[in-house]
Amino acid sequence: MRVRQLIQARPGRHLVLVFTLTILLPGLVLAIVGVRALIQERALAAQEMRERLDRSAALAAQQLGRELQTWRTLLDAVGRTGTIDPGALPDWLRESAAEPGAAALVAAGPDGVRVWPRDALAYQPWPELTAAPRPPALPRPLAEAERVELGDKDYPRAISLYQNLFAQAAGDQRAWLLHRLARVYRKAGRANEARRTFETLAARTTDHVGALPADLVARYELSSDEAAARHANRAPARALALYRDLVGGSWPLEKTRYLYYADTARAWAAAGRPPSEEVIRLSTLDEAKRGLAEAFVLDAGVGGFVIMSRPTNGAPRAPRIALAVATRWLQAHRWPDLFAALAVDGLDVGLVASNGDVLYGEPPATTSAGVPLAASRPVQEGRLSWRVEVRPAHADAWSANLARRRTVFVTMLIAVLALMSFGTYLTLRVVRREVEIARMKSDFVSTVSHEFRSPLTAIRQLGEMLMRGRVPNEARRQEYYERITSESDRLARLVENVLDFSRMDEGRRPYALVPIDTSAWLNELAARFEAHASQNGHQLITDIPARLPELLADREALSTALDNLLDNAVKYSPAPAAVWLDANARDGGVTIRVRDRGIGIAPVDQPHIFDRFYRGTDGTAREVKGTGLGLSLVQHIVQAHGGCVTFESRSGEGTTFSVHLKGASIP
Ligand code: ADP
């Protein structure tokens, strides 16, 4: 009860209070909580990502550490046994042998250099470990022959001396003598003999001339002759074959010798013409093998190779064992296998050497919207000091996903707020309407009481005067009787209206529809009303055709409706005034119009006049007594008859209400 009173007393202020407490505040709290949740979710997602990256980086470092450990174990095993057992090598290393220049394992000590794969390197690294002993001083007869050749330049004698010595010599000495002999033949201008002798020497593949393989020396000389006497249209076959065998690793040479022979042979093989396909192919192979050999010489992870060597005890001639693998080969074959699990997880792995060289993956760590999207871990093994870096393969997708989630969240928040606002709007409307009805009801109660009071007072006063015999003449008495009757009528109508309305409101008003003679009914109604109107100085002007279509109607109810319209016409027209009642047959039905030239209905009121309890806001209309029920009753009754009520009105000019009813013959 108190709340209602409050609402009725100051609806505006309390509504604002209620609205603030129930909608605005929760809405605000919801928005703040939403935004906080959004920020938290973002931080959480970033944290999750960081943790995941950290875990993955640790895992990657562990895997890499384990891998390098197997390399180390391999080197140690070779160091212990002094041999390279291909069967004991890991699969990936054996597979790398298919690609020349990809990887090599070298074990070198005083007793020689072992290289796996055998022909992997262009030249032998670390010559200082295996320096061939200097050839012993020449025996006297050989030195004598050499002196005749080089000092006396007596070539025929030198030839015969060399030939004699050759007959008694064996092994490397024979090779040495053949070489000298061929040389002197050449100096003596006996080119054919020189060539034949070199050819003989070239066949002695196991002998040496000094520190050099005999066949290499001989083939070099033959190729040199071939190059000097170059035939324009004959391919330099000897030089090409020599280059092929050099690249193929036929002679384990140390660096400077290899470079000298290989470069010269290649120059001869390619000279004077566009290099043949084979020369190009051999050059490429040559370069790859030189690169790999150079990696061992430099013993550092430069030039595209990763080198791991077994620690030595520091002595200059201590045996050395090292493994070199091309970084591009590792990039293509080894690292992807090693980090496959992380790649499946949508992560990219990067590998950076301590000098900043990128060994695998993309180097720099990326950040997305302030979130560092990479985690890294150091990996140390011997002299190798690397960093693994792990980052999401699709950082953009990750941040896009985050942004998408944010958008969805914000949209939802906005939608909820919009819904709340809409709900608020609806609630306000309903509340306003309810407040309005409450106000109208309370107006109604006071008006109805007032309405009741005045006819009752009049009846009581008149009755009292009559009863006490204070009315002097018969004419006056007659007039009082009539007034008592009309006031009672008014009272009855009022009571009828209120009762009708409440019955109607509860849906209990039954209508007994029977055919009625429209013209007769209207004339009767007009006559009754005129008697009442004329008392107040009003005049009713009727225009009712004699033969109107019959209506199917509840006569009493329809009379109440028209009485109300006529009553209003009179009420809202300053006396004395005329009101009009006319009727027309239309489309088999009847249109009954009630017209006045009264105060009219203000435009603001027009949409509401049929509402229950609604009373005009116009000052003049307010002065007139009424309940605000009349027109809603009229509309209800007419609609129950299948008809409709319309009106036209202008402020200050008057109003016309039209009741359109269907004829009895119309289904
Ligand atoms: P009331 O008891 O106030 O007359 P009604 O439902 O009959 O209630 O009418 C509603 C309102 O419509 C009135 O308060 C008045 O402002 C307006 N109204 C109705 N009929 C007329 C009319 N003939 N002329 C001017 N205003 C009218």
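The values are calculated or read from the model by the stated rules, or taken from the named source; none is laboratory data. Just so it is clear, the model here is predicted, and its values are computed rather than measured. Counting neighbours? That spans all protein chains shown, and the Cβs are built from the backbone with ideal geometry, glycine included. What goes into the accessible areas is simple: the full protein's heavy atoms, side chains included, and nothing from ligands, DNA or RNA. Shrake-Rupley method; radii C 1.70, N 1.55, O 1.52, S 1.80 Å.
Here are some notes:
- Cβ-Cβ contacts under 6 Å between residues 6 or more apart (or on different chains), taken from a first residue in segment 493-513 that is more than 15 Å from residue 638 (Cα to Cα) to a second residue that is acidic (Asp, Glu), are listed as 494/451.
- When the residues of segment 650-667 are filtered to those that are among the polar types (S, T, N, Q) and either in contact with a Cys (Cβ under 6 Å, 6 or more places away or on another chain) or within 11 Å of the ligand (Cβ to nearest atom) (or both), the one that is farthest from residue 606 (Cα to Cα) is 656.
- Flag for residue 647 being within 9 Å of the ligand (Cβ to nearest atom), touching a strand residue (DSSP E or B) at 6+ places or on another chain (Cβ under 6 Å), without any contact (Cβ under 8 Å) to a residue 60 or more places away in the chain and among the hydrophobic types (A, V, I, L, M, F, W, C): yes
- Meets criteria (near the ligand (Cβ under 8 Å from one of its atoms), at negative phi and under 60 Å from the mean Cα position of the chain (by Cα)) for residue 605: yes
- From 395, 458, 415, 403, residue being hydrophobic (A, V, I, L, M, F, W, C) and either touching a strand residue (DSSP E or B) at 6+ places or on another chain (Cβ under 9 Å) or open to solvent by 80 Å² or more (accessible area, probe 1.4 Å) (or both): 395
- Residue within segment 123-142 that is open to solvent by less than 20 Å² (accessible area, probe 1.4 Å), at pLDDT 80 or above, hydrophobic (A, V, I, L, M, F, W, C) and outside any loop (DSSP other than H, G, I, E, B) present: yes
- Taken over segment 588-600, the residue count meeting the criterion of being modelled with pLDDT of 95 or more, within 10 Å of the ligand (Cβ to nearest atom) and of a type in the set (Val, Ile, Thr) is 1.
- The single condition among (1) over 30 Å from residue 352 (Cα atoms); (2) at pLDDT 80 or above that residue 448 does not meet is (2).
Per-residue answers, yes or no, for (1) small (Gly, Ala, Ser); (2) within 30 Å of residue 560 (Cα to Cα); (3) in contact (Cβ under 8 Å) with a residue 60 or more places away in the chain:
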site	(1), (2), (3)
415	yes, no, no
424	no, no, yes
463	yes, yes, no
468	no, no, no
472	no, no, no
476	no, no, no
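- Residues in segment 531-560 that are assigned to a helix (DSSP H, G or I) and in contact with a strand residue (DSSP E or B) (Cβ under 7 Å, 6 or more places away or on another chain) were compared, and the one that is least open to solvent (accessible area, probe 1.4 Å) is 533.
- Close pairs from segment 571-587: first at negative phi and within 12 Å of the ligand (Cβ to nearest atom), partner open to solvent by less than 50 Å² (accessible area, probe 1.4 Å) and in a strand (DSSP E or B), Cβ under 6 Å, at least 6 apart: 573/596; 579/540; 579/596
Yes/no matrix, rows are residues, columns are (1) part of a strand (DSSP E or B); (2) within 16 Å of the ligand (Cβ to nearest atom); (3) not polar (S, T, N, Q):
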| position | (1), (2), (3) |
| --- | --- |
| 390 | yes, no, yes |
| 414 | no, no, yes |
| 419 | no, no, yes |
| 422 | no, no, yes |
| 437 | no, yes, yes |
| 442 | no, yes, no |
| 446 | no, yes, no |
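- Test: residue in segment 566-574 that is of a type in the set (Asp, Glu), closer than 26 Å to residue 554 by Cα, in contact with a Gly (Cβ under 8 Å, 6 or more places away or on another chain) and not in a strand (DSSP E or B): yes
- Cβ-Cβ under 6 Å pairs, at least 6 apart or on other chains, segment 70-91 side free of Cβ contacts under 8 Å to residues at least 40 places away in the same chain, far side among the aromatic types (Phe, Trp, Tyr): 84/116
- When residue 99 is tested against (1) part of a helix (DSSP H, G or I); (2) closer than 21 Å to residue 329 by Cα; (3) acidic (Asp, Glu), only condition (1) is not met.
- Filter result for residue 649 (at negative phi and either aromatic (Phe, Trp, Tyr) or in contact with a Gly (Cβ under 7 Å, 6 or more places away or on another chain) (or both)): yes
- Qualifying position, being modelled with pLDDT of 85 or more and either open to solvent by 40 Å² or more (accessible area, probe 1.4 Å) or within 26 Å of residue 402 (Cβ to Cβ) (or both), among 46, 37, 107, 102: 37
- Consider segment 608-627 and keep the residues that are within 27 Å of residue 539 (Cβ to Cβ) and charged (D, E, K, R). The one that is nearest to the ligand (Cβ to nearest atom) is 615.
- Of the residues 438, 458, the single one that is closer than 18 Å to residue 628 by Cβ and in contact (Cβ under 8 Å) with a residue 24 or more places away in the chain is 438.
- For segment 495-523, the set of residues classified as open to solvent by less than 70 Å² (accessible area, probe 1.4 Å), in contact with an Asp or Glu (Cβ under 8 Å, 6 or more places away or on another chain) and at pLDDT 80 or above consists of 511, 512, 516, 518, listed by residue number.
- Of all residues in segment 628-641 being surrounded by fewer than 22 Cβ atoms within 10 Å (Cβ to Cβ) and near the ligand (Cβ under 7 Å from one of its atoms), the one that is farthest from residue 507 (Cα to Cα): 628
- Within the option set 281, 290, being among the basic types (Lys, Arg), open to solvent by 20 Å² or more (accessible area, probe 1.4 Å) and farther than 10 Å from residue 123 by Cα holds for one residue only, 281.
- Unique match (being under 23 Å from residue 616 (Cβ atoms), modelled with pLDDT under 90 and not basic (Lys, Arg)) among 492, 438: 438
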